[in-house]
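Chemist: Sharing a structure here in structure tokens format.
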């Protein structure tokens, strides 16, 4: 078997075809992505390489099927999935009418970003790539507006600009850093019932974060009590229910301000804040910039 991450001798940025409707873009050694546009029919990509790698799927529409030995998984739209893969053949089926972004990160690339903190997402992911065999799901979460924006920026990069390789690598690192932050949700082991409860609550909150249910109402919908719901949610999501809703609102507001041309007051009301001043304060705490200035400086992922 050969390596997926071949040596780029002529350039650090290389675009090629990985199959019908699948564009492969090599950013640098150990880092590449697939851009999959809506396909007329199911398309299979056989991943059979010696590499230890992390794979992040961003499913914008449609679905993706994974087959590994006797295991089959279905990845659904509006979601982000992150896996570790080592020493196994993986068949990836991009189902018809699906729009998907896939980021591949080699272990040797990730090693460059490890720190002295053993509990940092980069360190934990690298360790999993060294020790685990087969395919392991590390994270599954909703496709938030910031992730959507970062991926959009990378996919729509102007290839005629100068320093294209450097610009593409910087954008890719922003996407990678954003995904690594998501691993905080799943770096520890949880009981299946805890994951089921937390994910059920998250789904309900995502459906209506502008006018979210109270904790009492949410607990009733999840068929549990308030105390257990708050405890399990905090444990699994590393966030309180209030913080989770606030993050959803601010992420959506970021998108409206950046992509839809909303004014600050309009964005504030659209995501459920009745007081613009409170919204502006929370927005600045999260993104380190006033909402009125969001289009005047480049975004840096946290």
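Read-outs: derived from the displayed coordinates by stated rules, not from any lab. Because the structure is predicted, anything quoted here is derived from the model rather than measured. When we count neighbours, we look across all protein chains shown, and the Cβ atoms used for this are built from the backbone with ideal geometry, even at glycine.
Chemist: How do 85-98, 68-81, 131-144 rank on mean C-beta neighbours within 10 Å, highest first? Before the final figure, lay out the partial values.
Modeler: Numbers: 85-98: 17.9, 68-81: 14.0, 131-144: 16.3.
Descending mean neighbour count gives 85-98, 131-144, 68-81.
Chemist: What FRET efficiency comes out for the pair residue 65/residue 16, r = Cβ-Cβ distance, R0 = 25 Å, nearest 0.05?
Modeler: 0.60
Chemist: Moving on. What Kirkwood radius, in Å to one decimal, follows from the Cα pairs of region 98-213? Could the numbers behind the result be given before it?
Modeler: Details: mean 1/r = 0.0602 Å⁻¹.
So the Kirkwood estimate lands at 16.6 Å.
Chemist: Rg/Rh for the chain to two decimals, with Rh computed the Kirkwood way over all alpha-carbon pairs.
Modeler: With Rh from the inverse mean 1/r over Cα pairs, Rg/Rh is 0.97.
Chemist: Take the Cβ-Cβ distance between residue 40 and residue 196 as r, set R0 to 45 Å, and report the resulting FRET efficiency rounded to the nearest 0.05.
Modeler: The value I calculate is 0.80.
Chemist: Go ahead and collect, in residue order, the members of region 30-45 whose backbone nitrogen is under 13 Å from a label point 7 Å along the Cα-Cβ direction of residue 77.
Modeler: Hits in region 30-45 for residue 77 at 13 Å: 38-39.
Chemist: Percent relative contact order of the chain, based on C-alpha pairs within less than 8 angstrom and at least six residues apart?
Modeler: On the way: 510 pairs, mean separation 41.4, N = 302.
Once divided by the residue count of the chain, the mean separation gives 14 percent.
Chemist: How would you classify region 43-90 from its alpha-carbon gyration tensor, with a ≥ b ≥ c the square roots of the eigenvalues: rounded for a/c under 1.5, else prolate if a/b is greater than b/c, otherwise oblate?
Modeler: On the way: a/c = 2.11, a/b = 1.56, b/c = 1.35.
Cα axes put region 43-90 in the prolate bin.
Chemist: Which order do the peptides 39-48, 170-179, 248-257 come out in when sorted by mean C-beta neighbours inside 10 angstrom, highest first?
Modeler: For the peptides 39-48, 170-179, 248-257, the packing ranking is 248-257, 170-179, 39-48.
Chemist: Rounded, prolate or oblate: which fits region 85-161 when a ≥ b ≥ c are the square roots of the eigenvalues of the alpha-carbon gyration tensor, with rounded for a/c under 1.5 and prolate only if a/b beats b/c?
Modeler: On the way: a/c = 1.87, a/b = 1.31, b/c = 1.43.
Oblate, since a/c reaches 1.5 and b/c is not below a/b.
Chemist: Rg to Rh ratio, region 192-293, alpha-carbon atoms and Kirkwood radius?
Modeler: 1.03
Chemist: Sticking with this structure for a sec: Please state, rounded to one decimal and in Å, the Kirkwood hydrodynamic radius that region 1-151 gives when every pair of distinct Cα atoms enters the mean of 1/r.
Modeler: Over region 1-151, the inverse of the mean reciprocal pair distance is 15.9 Å.
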